[in-house]
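Chemist: I am attaching a structure below and will ask some questions about it afterwards.
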Amino acid sequence: RPVSLTARREVPGIGTSGTLEFDVEFGYDGPYQARVHGLALPTVIRGQVDADLDKTFEVDDEGNGATRHEFEVLEADEPAYLRFALFDELTDGVDDLDMYVFYCADNANCVRIGESGEETSREQFDVLLPGAGSYFVYVHGFATDNVSGGPGAVYDLVAWQFGLNDDRGNMTVTPPPAAAAGVTETVTVDWDVEIPGTIYLGAISHTTPSGLVGLTLVSIAN
């Protein structure tokens, strides 16, 4: 089936300032708009989790094999994207931590919306156009090797969020002037951020006469 637009899901950049490009292939003739969202700094939360002896996650494991972290998303922020991540480099041992994510529209209605369970502690879970409410992230101690001598693992949980009208002034986009069916054009992104030694996350949105049709995430490591 024909699509109005095809673009990469995510593009990386390195350094506190720079330029990157990615292609957009159009399936229609007409106006096209690219907008900036972000770049957002991460929220980093230090946590500790014990090893789960049966290696099977249950909500009841909280405090004994799983640690819960809560993130709020506000409707007023017009949320566009939410990402949670763990990194091997951000644990204190050779650990295998997993991640389980729940969404709560209110205190009475919570549903599990996903998980990330790779063989190490490199985990990621993304939510496009997240609903307002609470997001509970459980870090599960599938296997831990605390170099400090304790039974569990110390880790940093990293989260990013940005909104639909959230241009933070540290990224610009130069789009093609218009779309033409069957033509591939180049989108140019420039960034200039202040804080080294972290990862910024943002996006370029793609809007056609039908409205918003997608995001290309921009992750900048420096």
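Chemist: Residue under question is residue 51, and the condition is that it be surrounded by 15 or more Cβ atoms within 10 Å (Cβ to Cβ) and at pLDDT 95 or above; does it hold?
Modeler: no
Chemist: Oh, and also: Within the range 72-92, is even one residue over 18 Å from the mean Cα position of the chain (by Cα) and open to solvent by less than 90 Å² (accessible area, probe 1.4 Å)?
Modeler: Looking for residues that are over 18 Å from the mean Cα position of the chain (by Cα) and open to solvent by less than 90 Å² (accessible area, probe 1.4 Å), one finds at least one in the range 72-92, hence yes.
Chemist: In the range 108-159, which residue that is under 13 Å from residue 90 (Cβ atoms) and β-branched (Val, Ile, Thr) is surrounded by the most Cβ atoms within 10 Å (Cβ to Cβ)?
Modeler: Step by step, filter the range 108-159, then rank; the result is 139.
Each row is one residue, and each column tells you yes or no for (1) crowded, with 18+ Cβ neighbours inside 10 Å; (2) over 20 Å from the mean Cα position of the chain (by Cα).
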{"site": "178", "(1), (2)": "no, yes"}
{"site": "193", "(1), (2)": "yes, no"}
{"site": "212", "(1), (2)": "no, no"}
{"site": "222", "(1), (2)": "no, no"}
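Chemist: Confirm whether residue 198 is over 30 Å from residue 49 (Cβ atoms) and surrounded by fewer than 22 Cβ atoms within 10 Å (Cβ to Cβ).
Modeler: no
Chemist: Next up: Being farther than 29 Å from residue 213 by Cα and of a type in the set (A, V, I, L, M) is true for just one of 129, 97. Which residue is that?
Modeler: From the options 129, 97, the qualifying one is 97.
Chemist: Which one is nearest to the chain's Cα centre (by Cα), of the residues in the range 1-48 that are surrounded by fewer than 13 Cβ atoms within 10 Å (Cβ to Cβ) and aliphatic (A, V, I, L, M)?
Modeler: 44
Chemist: Turning to a different aspect of this structure: Does residue 205 satisfy the condition of being hydroxyl-bearing (Ser, Thr, Tyr), at pLDDT below 95 and more than 30 Å from residue 93 (Cβ to Cβ)?
Modeler: Criteria not met by residue 205.
The values are calculated or read from the model by the stated rules, or taken from the named source; none is laboratory data. Worth saying up front: this structure is predicted, and the values here are computed from it rather than measured. Note that we place each Cβ from the backbone using ideal geometry, even for glycine, and neighbour counts take in every protein chain shown. For accessibility, only protein heavy atoms count, side chains too; no ligands or nucleic acids. Shrake-Rupley method; radii C 1.70, N 1.55, O 1.52, S 1.80 Å.
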